[in-house]
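Rule-based calculations on the coordinates, nothing more; no lab input. Since the model is a prediction, treat every value here as computed from it, not as a measurement. Because the Cβ atoms are built from the backbone with ideal geometry, glycine has one as well, and the counts that use them run over all protein chains shown.
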Amino acid sequence: MARLILAVSADGHRPDLSHLTDTEVRYATAAELPAAVEGADALLVWSFTSGGVARAWPHADALRWMHVSSAGVDRVLTPEVVRSGVTVTNVRGVLDDAIAEYVLGLALAFAKDLPGTLDRQRRRHWEHRPTSLLRGSRALVVGPGAIGRAVGRTLGAVGVAVDAVGRAARPGDGVFGAVYGPADLAAVIGGYRFVVVTAPLTAATRGLVGADAIAAMAPDAYLVNVARGPVVDEAALTRALRDGRVAGAALDVFHREPLPEEHPLWGLPNVVVSPHMAGDVAGWRDALLGVFTDNLERFRAGRPLRNVVDKELGFVV
């Protein structure tokens, strides 16, 4: 019989697992997790905001599998977890199209100056002005994984030429015209109107979009981050946006979440701030739960699991 622990999110939401048979379900908050995880062989981290795994780890005496209900697993991949024999899985593929549509919406909003129109509407100020075409522009996707490829396909469908920066340079394919290596980022970033960050947070990507890359961006460029906050140098980006050296940014993720009320990003007119919601469409929780329940059946039957994370790399290969 599989013994399951559920780490609930901060708002107390928990999925309905009453349909599971021959499975002991224990619900636990982050604070309760150290006691609850003892004897458990499976752990569901239901929300990416759920903490407590590191503190509970010394008590995970029987754990064999941990499933994280997000694409990013950076919050749970402590050195102890990486060194252990515990298999980690995630929900790769579930949120890709939703995030890609979110990015497309932001790119269109910037090209058509929708923020400027809304600002003028609030001020009841009539000002006719031209906007720009999205078709024919260029975008650079930083992180050509599943989400990055969905972004590339979606932008490409409306006539945007899309390239990428991946773990290593390689020839382009049907989605990306060219794929550069990380060392090329600062050299090529200036040629793109849109820079879209979709890379997982790992030791290799932390600070990848650094001050040098931000300084090399074109003055009419926009940065969109739907990955993790620490992939981008937030302080350097804030200075560039404030000084007008970058046209604008749409940020769904931040170094600290929720974004503190006193943070200067809230007040910059060329910034769109959203609360880590790019992939959260109607029914998203049911879709996430579906991946877990499918993997639970596989786990109990001894079959290969879906979306097994390479713990050294920090993502599904």
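Observations on the structure shown:
- Two tests apply to each whole DSSP H helix in the chain, Cα reach of 24 Å or more along its axis and mean Kyte-Doolittle hydropathy of at least -1.0, and the ones passing both are 284-301.
- Just checking the listed ones, LEU201, LEU106, LEU17: in the Gaussian network model of the chain with Cα springs under 10 Å, the one fluctuating most is LEU17.
- Length gained on full extension, GLU24 to ASP97: 22.9 nm, using 0.36 nm per residue less the C-alpha separation.
- Calculated [θ] (222 nm, deg cm²/dmol) that DSSP helices of n ≥ 4 give over the chain, each run adding -39,500 (n - 2.57): -7500 deg cm²/dmol
- One chain, two ends: ALA169 and ALA157. Fully extended at 0.36 nm per residue, the span grows by 1.9 nm beyond their Cα-Cα distance.
- Between HIS255 and ALA235, the simple spin-label model (points 7 angstrom out along Cα→Cβ) gives 0.6 nm.
- Order of TRP266, TRP46, TRP57 - criterion: other Cβ atoms within 10 Å of each residue's Cβ, fewest first: TRP266, TRP57, TRP46
- Three semi-axes of the equivalent ellipsoid, region 96-273, Cα gyration tensor, whole Å, largest first: 25, 20, 14
- Residue order for HIS13, HIS59, fewest other beta carbons within 10 angstrom first, comes to HIS13, HIS59.
- Relative to the current alpha-carbon distance between TRP126 and THR293, full extension at 0.36 nm per residue lengthens the span by 54.7 nm.
- Over the chain, Cα pairs under 8 Å with separation of 6+ residues give a relative contact order of 14 percent.
- Cβ-Cβ distance of ARG242 and ALA218, R₀ of 22 Å, FRET efficiency by 1/(1 + (r/R0)^6): the value works out to about 0.80.
- Kirkwood analysis of the chain, using all unique Cα-Cα pairs, places the hydrodynamic radius at 20.8 Å.
- Placing a label point 7 Å from the Cα of ARG206 along the Cα-to-Cβ direction, the residues of region 79-106 whose backbone N falls under 14 Å from that point are 79-80.
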